[in-house]
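Below is one structure, written out as structure tokens, with a few remarks after it.
The values are calculated or read from the model by the stated rules, or taken from the named source; none is laboratory data. Everything numeric here is computed off the predicted structure, so don't read it as measured data. Positions of Cβ are generated from backbone atoms using ideal geometry, with glycine treated the same way; all protein chains shown enter the neighbour counts. Each accessible area value is taken on the protein alone, full model and side chains, heavy atoms only, with ligands, DNA and RNA left out. Shrake-Rupley method; radii C 1.70, N 1.55, O 1.52, S 1.80 Å.
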Amino acid sequence: MSSSTVAEVEVIPVSGQQRPRKDAQRNRERLIKAATEAFAAGQDTIRLEDLASAAGVGVGTLYRNFPSREALVEEVYRSELTRLCASAERLLTTRAPLDALRTWMRRYQAFVATKRGMAEALRAVIATGAITSTQTREQLSGAIATLLAAGVADGTLRGDVRPQDVSASLAGVMLAAVNAAQATRMLDLLVEGLRAR
């Protein structure tokens with residue numbers, strides 16, 4: 001879709017607050033999706049104009065939503081972290097806890113790949129205090145706690161494991177692994193270590 005086919009819309013006030021129209025919200029979501037894909041592919045230096053084109057919106061739309069690269073990076077990071085953590089409960093509705101944990105760890109691996117793609121810009125955002133490692137750890141530990149509790153309840157996962165320790169182990173795996181294949185193997189070993197004996 002070219003930028004000429006996407007409507008440029010204004011934010012309209014609703015009940016005393018400014019709330020975006022549905023097409024404006026869709027444009028914002030397209031921008032976040034395009035940025036996430038670019039960062040996951042390792043395109044840390046992507047031009048914002050190229051990103052707007054990939055999202056099928058005009059540059060003006062991009063800057064109305066994200067006045068700076070840092071604002072876009074912060075939103076991508078928050079969006080991906082929220083999606084990752086929320087997926088823990090959803091996975092448990094369709095999978096056994098052990099399989100849900102394994103699948104969730106693969107999603108964590110993809111989340112880290114996105115972070116690596118935007119590492120330089122993300123450092124600038126972290127320096128402002130807009131994103132803190134404490135907040136990230138708390139959200140990740142909450143999702144892990146949900147998965148562990150389900151596994152303890154059905155007898156497949158150990159009951160003596162702290163979510164914070166699993167979170168730190170995940171970070172260690174992603175830091176130490178030399179490539180994605182090794183990270184996947186190491187995550188499988190971590191899951192095996194969490195099995196109830």
Under 24 Å from residue 182 (Cα atoms) and either of a type in the set (S, T, N, Q) or touching an Asp or Glu at 6+ places or on another chain (Cβ under 7 Å) (or both), is that true of residue 163? no
For the stretch 125-152, what are the residues that are over 18 Å from residue 87 (Cα atoms), in a helix (DSSP H, G or I) and not hydroxyl-bearing (Ser, Thr, Tyr)? 125, 126, 127, 152
Residues (more than 24 Å from residue 135 (Cα to Cα), touching a residue at least 60 places away in the same chain (Cβ under 8 Å) and either open to solvent by 60 Å² or more (accessible area, probe 1.4 Å) or under 20 Å from the mean Cα position of the chain (by Cα) (or both)) located in the stretch 184-197: 184, 195
Of the criteria (1) open to solvent by 40 Å² or more (accessible area, probe 1.4 Å); (2) under 30 Å from residue 69 (Cα atoms); (3) in contact (Cβ under 8 Å) with a residue 12 or more places away in the chain; (4) assigned to a loop (DSSP other than H, G, I, E, B), which one residue 155 fails: (2)
Tell me, which residue of the stretch 58-101 that is of a type in the set (S, T, N, Q) and free of Cβ contacts under 8 Å to residues at least 24 places away in the same chain is nearest to residue 46 (Cα to Cα)? 68
Filter pass, residue 143 being modelled with pLDDT of 95 or more and in contact with a Leu (Cβ under 9 Å, 6 or more places away or on another chain): yes
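Let's see how each residue does on (1) in contact with a helix residue (DSSP H, G or I) (Cβ under 9 Å, 6 or more places away or on another chain); (2) at pLDDT 90 or above; (3) of a type in the set (Gly, Ala, Ser); (4) open to solvent by 70 Å² or more (accessible area, probe 1.4 Å):
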residue	(1), (2), (3), (4)
23	no, no, no, no
33	yes, yes, no, yes
43	yes, no, no, yes
57	yes, yes, no, no
65	yes, yes, no, no
So in the stretch 158-181, with the set limited to residues that are surrounded by fewer than 17 Cβ atoms within 10 Å (Cβ to Cβ) and over 21 Å from the mean Cα position of the chain (by Cα), which one is farthest from residue 100 (Cα to Cα)? 178
